[in-house]
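The values are calculated or read from the model by the stated rules, or taken from the named source; none is laboratory data. Predicted, not measured: the structure shown is a model, and the values here were computed from it. FYI the Cβ positions are ideal-geometry reconstructions off the backbone, even for glycines, and counts take in every protein chain you see.
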Amino acid sequence: MHADDILDRLNDEQKQAVSAPLGNSLVLAGAGTGKTRVLTHRIAWLATHERMPMGSILAVTFTNKAAGEMRTRVAALVGDAGPGRWVGTFHSTALRLLRSHRHEARLGDEFAIIDADDQLRIIRTLSIDMNISVDQVNPRNTRSYINKQKEQGRRHANAVRLNQPYESEYKRIYKAYEARCQKESLVDFGEMLLRCLEMLREHEDLLRLYRRVFGNVLVDEFQDTNAIQYDWLKLIAKDSASFMAVGDDDQSIYGWRGAEVANMNRLLSDFKPVSVHRLEQNYRSSEHILQAANSVISHNNSRLGKNLWTDQGAGQPIVLTRSVNEHSEADAVATFAKDYAMNGGKYEDIAVLYRSHALSRVLERSFNGYAVPYRIYGGLRFFERAEIKDALAYMRLVATPDTDFAFARVVNTPTRGIGSKSIERLREIALERGVSLFRASEAVVVERLLPARTVNSLEKFLRLLANMRKASEGAELSEIADQCIRLSGLVDFHAPDKTETSIGRRENLQELVNACSQFVEDPVGDEEQGTPASALRAFLDHASLGEEAPQMEAGGDAVRLMTVHSAKGLEFPVVQLVGVEDGIFPNSMAINEGGLEEERRLFYVAMTRAMKELRIGHAEVRTRYGQGQSISVPSRFLAEIPEDNTDRMFFEPARMPSAYARSHPSSRPSLAKGGDELDGVRSGAVVRHARFGEGIVLATEGSGDNARVQVEFKRFGSKWLVLGYANLQVLES
DNA sequence: CACCGAAATATTTTT
DNA sequence: TATTTCGGTG
């Protein structure tokens, strides 16, 4: 592609950013202003106009999805640059450097990546070993302490004071945790970045090398960088030929995991960008949506400031809906989706967004009831499921039997008579002799160090591992996975019966095998995987980096359900927000100084996902874990949306109770209005409700448990109520 | 040591 | 409500 073509079909601001002179530049790109476009075109510009080799261009993003997107879009512009080159997430890039220089990084040859769950297990056993009460010093809190320190680049020795209770215990455990990870060659997410940073700091030659290699550095979502990511960028990119950071301070929503918006300001003084570009023309949303979003975000104080505009016309006003409770809200969303599809729309045009995963459960029920196809994103990710992690642990042991955390995970999974006591003893023996659990087990078997029953079980387990390794020799990756699953007996253990969960688990395990063959065919990572052994290692890394299983992207037309966080970077013709109530959104855990502004930014992100239609719902009553209904107050953010941009305040959508919908999945509710009588209540009757006060019955519908009436209340407008639940007092019939 | 039912506990967001 | 942990029994 020619240099001129690259600038084609870009607006003036975008053109300037793409063709900016070499040196440092900052692009402030509002939501929907073509940020990814600018980044990919900039890469193409560097490659063609500036004649930079593709291998000299490092582009980092936060999510795998964004990295993948960037790869395909760059490939479309300048052709495939080989397997990925240097386009990846912060974590995958750091990991790649660590793998290439494990010696300089002081890591073992086969270091393994551990996730949050593994971290917790390690912390728990450490706490117990150290006689620190797990009831008082909560391992979860310890974990968040450790992660926080790492995000700020702190080892235990120079940990920063956080003024938390039990801080000295946290610190002691942190020290032990560092030692344990080092000894077993384990790397957690924070460690990847920290270790990489330290490695470059300690090895001048490597730093020089990579400064030369990465002549051009581009960063996406810069507002989400934390302290070490920033330092890392500064270290390798401060004097590079070109450096471009793209970000939007209004979309900084990861403060809770260490992201510092202040890095945007820091960049101005540290990198002294030769050019700053502002992208303010929004191509995504209609005017109503954009104006409302602008209005909401303007309530934040700490902003760099910008105002998005569009020439797409007013579009539809935002629909604000109020429902009596979460079930009615969910039903309203389901029926809306159904209507939308029946009028020629596609389900996949619709995204239902919520603040936390917990809100998806009610939606699922209603969607099932109304037979609306849906797909939930996020939640328990594929590679985090217990059965998958078990299978991966076996695969890990095939690669490296000395990996203690994998050994400990599956030595008794499926149960084979090696209980906690035996494992404890095994640990002691391993510690005494300074060997891995695997070696310790061998010794126990040979020297008969434990009760005969345990020794037998251990011997069987070791034989199992040996068989797996033998079966895996020279085998294809998917064959290895298949053997691990089969020989271990994980299927029978996790999926013994015909229940839905069992079937799901069985499918998951099968899917793991599929993912393996997929991975070999179409490698996602950047490292070459010549031999089956290196393919195995690469796959384990891939799995540990939490990349989504390929199946998620496939599938038919369906509504998408996800958290606002995971919707970042995406856009949908129709966005439905649910549970927009104070305490949920903004979340009660976050209503404090900095927290509220971040919640508002999150709300802003949610609103700006919508292209044509934005619907925002809240319920009057919401049940929290099964019992104890609490009255909900609409989110304070709703008051920040101008009246002019909204429509049908207090729209009352409840039409049909879920129970009915469930028993008649295909039928649509018919709104029979008439004078029929139900339990002594007929239309025209005057009734009183405990909460809504006096009203007139407009219509009745259904019978028995499904009997419902529509009541026009004096102060609350018209509502559908379930007779058995509403407890109406008839004043006048 | 494994299994089962009871009790406790949890809901903020994720690379 | 849904899931995990605990404690008692076999």
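Can you give me the number of residues within region A:93-114 that are in a helix (DSSP H, G or I) and touching a residue at least 24 places away in the same chain (Cβ under 8 Å)?
Residues flagged as in a helix (DSSP H, G or I) and touching a residue at least 24 places away in the same chain (Cβ under 8 Å) within region A:93-114 amount to 7.
Exactly one of these conditions fails for A:K238: (1) touching a Phe, Trp or Tyr at 6+ places or on another chain (Cβ under 7 Å); (2) of a type in the set (D, E, K, R); (3) buried (at least 23 other Cβ atoms within 10 Å of the Cβ). Give me its number.
Result: A:K238 fails condition (3) only.
Name, by its number, the condition in (1) more than 18 Å from A:T563 (Cα to Cα); (2) within 23 Å of the chain's Cα centre (by Cα) that does not hold for A:F336.
The single condition A:F336 does not satisfy is (2).
Which residues, counting only those in region A:126-140, are part of a helix (DSSP H, G or I) and more than 15 Å from DNA strand C (Cβ to nearest atom)?
A:L126, A:D129
How about region A:148-168: which of its residues are part of a loop (DSSP other than H, G, I, E, B) and closer than 16 Å to A:N138 by Cβ?
Passing the criteria: A:L162, A:Q164, A:P165, A:Y166.
Within region A:401-408, is even one residue farther than 23 Å from A:T125 by Cβ and crowded, with 16+ Cβ neighbours inside 10 Å?
no
So which residues in region A:403-419 are closer than 22 Å to A:R180 by Cα, in contact (Cβ under 8 Å) with a residue 60 or more places away in the chain and in a loop (DSSP other than H, G, I, E, B), if there are any at all?
A:T403, the sole residue that qualifies.
Can you find even one residue in region A:150-162 that is under 22 Å from the mean Cα position of the chain (by Cα), under 22 Å from A:E198 (Cβ atoms) and within 16 Å of DNA strand C (Cβ to nearest atom)?
Within region A:150-162 (the criterion being under 22 Å from the mean Cα position of the chain (by Cα), under 22 Å from A:E198 (Cβ atoms) and within 16 Å of DNA strand C (Cβ to nearest atom)), the answer is no, since none of the residues qualifies.
For A:E511, all conditions in the list (1) more than 23 Å from the chain's Cα centre (by Cα); (2) surrounded by 14 or more Cβ atoms within 10 Å (Cβ to Cβ); (3) within 28 Å of A:R463 (Cα to Cα) hold save one; what is the number of the exception?
Going through (1) more than 23 Å from the chain's Cα centre (by Cα); (2) surrounded by 14 or more Cβ atoms within 10 Å (Cβ to Cβ); (3) within 28 Å of A:R463 (Cα to Cα) one by one, A:E511 breaks only (1).
Considering A:R303, A:R278, A:R322, which residue is surrounded by fewer than 19 Cβ atoms within 10 Å (Cβ to Cβ), among the charged types (D, E, K, R), part of a strand (DSSP E or B) and away from DNA strand C (no atom under 16 Å from the Cβ)?
So the residue among A:R303, A:R278, A:R322 that is surrounded by fewer than 19 Cβ atoms within 10 Å (Cβ to Cβ), among the charged types (D, E, K, R), part of a strand (DSSP E or B) and away from DNA strand C (no atom under 16 Å from the Cβ) is A:R278.
Could you say whether any residue in region A:169-183 is away from DNA strand B (no atom under 16 Å from the Cβ), touching a strand residue (DSSP E or B) at 6+ places or on another chain (Cβ under 9 Å) and either assigned to a helix (DSSP H, G or I) or modelled with pLDDT of 90 or more (or both)?
yes
In region A:364-373, which residues are outside any loop (DSSP other than H, G, I, E, B) and within 13 Å of A:F336 (Cα to Cα)?
A:S366, A:F367
Which of (1) within 16 Å of DNA strand C (Cβ to nearest atom); (2) surrounded by fewer than 20 Cβ atoms within 10 Å (Cβ to Cβ) does A:K183 not meet, given it meets every other one?
Of (1) within 16 Å of DNA strand C (Cβ to nearest atom); (2) surrounded by fewer than 20 Cβ atoms within 10 Å (Cβ to Cβ), only one is false for A:K183: (1).
Taking region A:575-600, which residues are of a type in the set (D, E) and either within 9 Å of DNA strand B (Cβ to nearest atom) or in a helix (DSSP H, G or I) (or both)?
Matches in region A:575-600: A:E593, A:E597, A:E598, A:E599.
Condition first: polar (S, T, N, Q) and more than 40 Å from the chain's Cα centre (by Cα). Now tell me which residues in region A:426-457 satisfy that.
Those that are polar (S, T, N, Q) and more than 40 Å from the chain's Cα centre (by Cα): A:T454, A:N456.
I need the full set of residues from region A:395-422 which are away from DNA strand C (no atom under 15 Å from the Cβ) and among the β-branched types (V, I, T), in order please.
A:V398, A:T400, A:T403, A:V410, A:V411, listed by residue number.
Determine whether region A:420-432 contains at least one residue that is within 23 Å of A:D118 (Cα to Cα), of a type in the set (S, T, Y) and within 16 Å of DNA strand B (Cβ to nearest atom).
For region A:420-432, residues within 23 Å of A:D118 (Cα to Cα), of a type in the set (S, T, Y) and within 16 Å of DNA strand B (Cβ to nearest atom): present.
Against the condition modelled with pLDDT of 90 or more, closer than 27 Å to A:A116 by Cβ and away from DNA strand C (no atom under 14 Å from the Cβ), how does A:A351 come out, does it pass?
For A:A351, the condition - modelled with pLDDT of 90 or more, closer than 27 Å to A:A116 by Cβ and away from DNA strand C (no atom under 14 Å from the Cβ) - is met.
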